[in-house]
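Here the structure is laid out as C-alpha cells; the discussion comes afterwards.
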Amino acid sequence: MRLKGKVSIITGAASGIGKATAEKFAQEGAVVIVCDLNIDVVNEVVATLAAQGATAAGYRVNVTDRAEIAAMVADVKERFGRIDVLVNNAGIVLDAQLAKMTDEQFDKVIDINLKGVYNCARAVIDTMIAQGAGVILNASSVVGIYGNFGQTNYAATKFGVIGFVKTWAKELGKKGIRANAVCPGFVATPILKAMPEKVIQAMEERVPMKRMARPEEIANVYAFLASDEASYINGAAIEVTGGLTL
Ligand SMILES: NC(=O)c1ccc[n+]([C@@H]2O[C@H](COP(=O)([O-])OP(=O)(O)OC[C@H]3O[C@@H](n4cnc5c(N)ncnc54)[C@H](O)[C@@H]3O)[C@@H](O)[C@H]2O)c1
C-alpha cells in the first residue's frame, strides 16, 4: 500500500476522474476525504469506500466557497490530525469560441477551475508547512499546454494551474512540500457529455492508441505522484494522453 494512512483531500471526487482517484487512494491505504457539490452523491462514494474497508469521510464543498473549504479543513484536522495530500480535481467546461463567449461562461470557469484550486491550496498550506510535508496535485489538461478551439476560459485555467505548481515547487520544495500537475488527454467521464458522438470518435481517431483514457488510468498517476515513490518529482506537468499530442 503506497499511501498508507495518508490523509488525502480530493475535490470533485463524486464523479469521473475524482471518483476513480478516491477509489485508487482507498486501495492504496489512504484516509480519503471526498469533497463535492452534492452531499448525497458524496455520501454514496464514502459508503462504497467504507464497505471496501477504507477510512473515508465526505464533505459538501464548493471550491469557490472559502468558508466551506475552511470548515472542511478544520474538521479534517480535528478528526484525522493532519493533511498529507490535496488533489485539486474539481473542474468544469463551458465552451464557446472567443467571439461568442459570455462573461458568465468566462467568470464561472475561472472561479471553479483556477480560483478554486488557489482557494483549496491556500486553505491547507499552513498545515503542510507546519508538518514539514505535503503533496499538492492539480488537474490540468493537454489543453493547458497546447490550448484548444472553443476553450478560451478552460485553457486559461489549465495553463494557470501549471503556473501554480511551478511556483509552489519553487516556494515550498525546501519545506518538504511537492506540487505537480497532471495533464490528461481525453478521458471517458461525464464531463464529455456535451460533446457530440462524432467529435468523440474523431478525437479517438487522433490518439495513437485509438481510444480515450479510462478514469482509472489518470487516478493511477495521481496515486503515484502522491506516493513517496515520486519523492523527487516537483513542479512537473505530466502528460497522460496515449500519445495524442505526438
Ligand atoms: N475528462 C477529460 O477528458 C479531462 C481531460 C483533461 C482534464 N480533465 C480535468 O479533470 C478534472 C475532472 O474531470 P472529469 O472528467 O472527471 O469531470 P466530471 O464532470 O466527471 O467530474 C467533475 C466533478 O467536479 C465537481 N465539481 C464541479 N464544480 C465544482 C465546485 N464548484 N466545487 C466542487 N466540486 C465541483 C462535479 O460535481 C463533478 O463531480 C477536471 O478538472 C477536468 O478539467 C478532464
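The values are calculated or read from the model by the stated rules, or taken from the named source; none is laboratory data. Please read these numbers as outputs of a predicted model, since none were measured by experiment. Cβ coordinates were reconstructed from backbone atoms using ideal geometry, including for glycine residues, and neighbour counts include every protein chain displayed.
Points worth noting:
- Meeting the requirement of 2 or more residues that are more than 16 Å from the chain's Cα centre (by Cα) and surrounded by fewer than 22 Cβ atoms within 10 Å (Cβ to Cβ), the strands (runs of 3 or more DSSP E) wholly within the stretch 1-64 are 55-60.
- Within the stretch 65-106, the set of residues being part of a loop (DSSP other than H, G, I, E, B), of a type outside the set (D, E, K, R) and under 30 Å from Gly5 (Cβ atoms) comprises Gly81, Ile83, Asn89, Ala90, Gly91.
- Within the stretch 160-213, the set of residues being part of a helix (DSSP H, G or I), under 24 Å from Leu225 (Cα atoms) and free of Cβ contacts under 8 Å to residues at least 40 places away in the same chain comprises Gly163, Thr167, Glu171, Lys174.
- There is no residue in the stretch 205-214 that is under 28 Å from Lys6 (Cβ atoms), surrounded by 13 or more Cβ atoms within 10 Å (Cβ to Cβ) and touching a Phe, Trp or Tyr at 6+ places or on another chain (Cβ under 6 Å).
- When Asp103, Asp84 are checked against the criterion of being more than 16 Å from Val63 (Cβ to Cβ), surrounded by 18 or more Cβ atoms within 10 Å (Cβ to Cβ), modelled with pLDDT of 95 or more and not aromatic (Phe, Trp, Tyr), Asp84 stands alone in meeting it.
- Flag if Ala56 is out of contact with any Asp or Glu (no Cβ under 9 Å at 6 or more places or on another chain), under 23 Å from Asp228 (Cβ atoms), within 13 Å of the ligand (Cβ to nearest atom) and hydrophobic (A, V, I, L, M, F, W, C): no
- Counting only residues that are near the ligand (Cβ under 10 Å from one of its atoms) and of a type outside the set (Gly, Ala, Ser), the stretch 201-221 holds 4 of them.
This table checks each residue for (1) surrounded by 20 or more Cβ atoms within 10 Å (Cβ to Cβ); (2) under 20 Å from the mean Cα position of the chain (by Cα); (3) more than 10 Å from the ligand (Cβ to nearest atom).
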| position | (1), (2), (3) |
| --- | --- |
| Tyr146 | no, yes, yes |
| Ala156 | no, yes, yes |
| Thr167 | no, yes, yes |
| Asn180 | yes, yes, yes |
| Ile191 | no, yes, no |
| Val199 | no, no, yes |
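- None of Ser15, Ser8 is within 15 Å of the ligand (Cβ to nearest atom), out of contact with any His (no Cβ under 8 Å at 6 or more places or on another chain) and either in contact (Cβ under 8 Å) with a residue 60 or more places away in the chain or more than 25 Å from Pro184 (Cα to Cα) (or both) except Ser15.
- For the stretch 104-122, the set of residues classified as small (Gly, Ala, Ser) and within 14 Å of Ile177 (Cβ to Cβ) consists of Ala121 only.
- Condition met for Glu104 (acidic (Asp, Glu) and either over 22 Å from Ile218 (Cα atoms) or touching an Asp or Glu at 6+ places or on another chain (Cβ under 8 Å) (or both)): yes
- Leading residue by the ranking (surrounded by the fewest Cβ atoms within 10 Å (Cβ to Cβ)) among those in the stretch 120-144 that are assigned to a loop (DSSP other than H, G, I, E, B) and among the hydrophobic types (A, V, I, L, M, F, W, C): Ala133
- Filter pass, Ala70 being away from the ligand (no atom under 11 Å from the Cβ), out of contact with any strand residue (DSSP E or B) (no Cβ under 7 Å at 6 or more places or on another chain), without any contact (Cβ under 8 Å) to a residue 24 or more places away in the chain and of a type in the set (A, V, I, L, M, F, W, C): no
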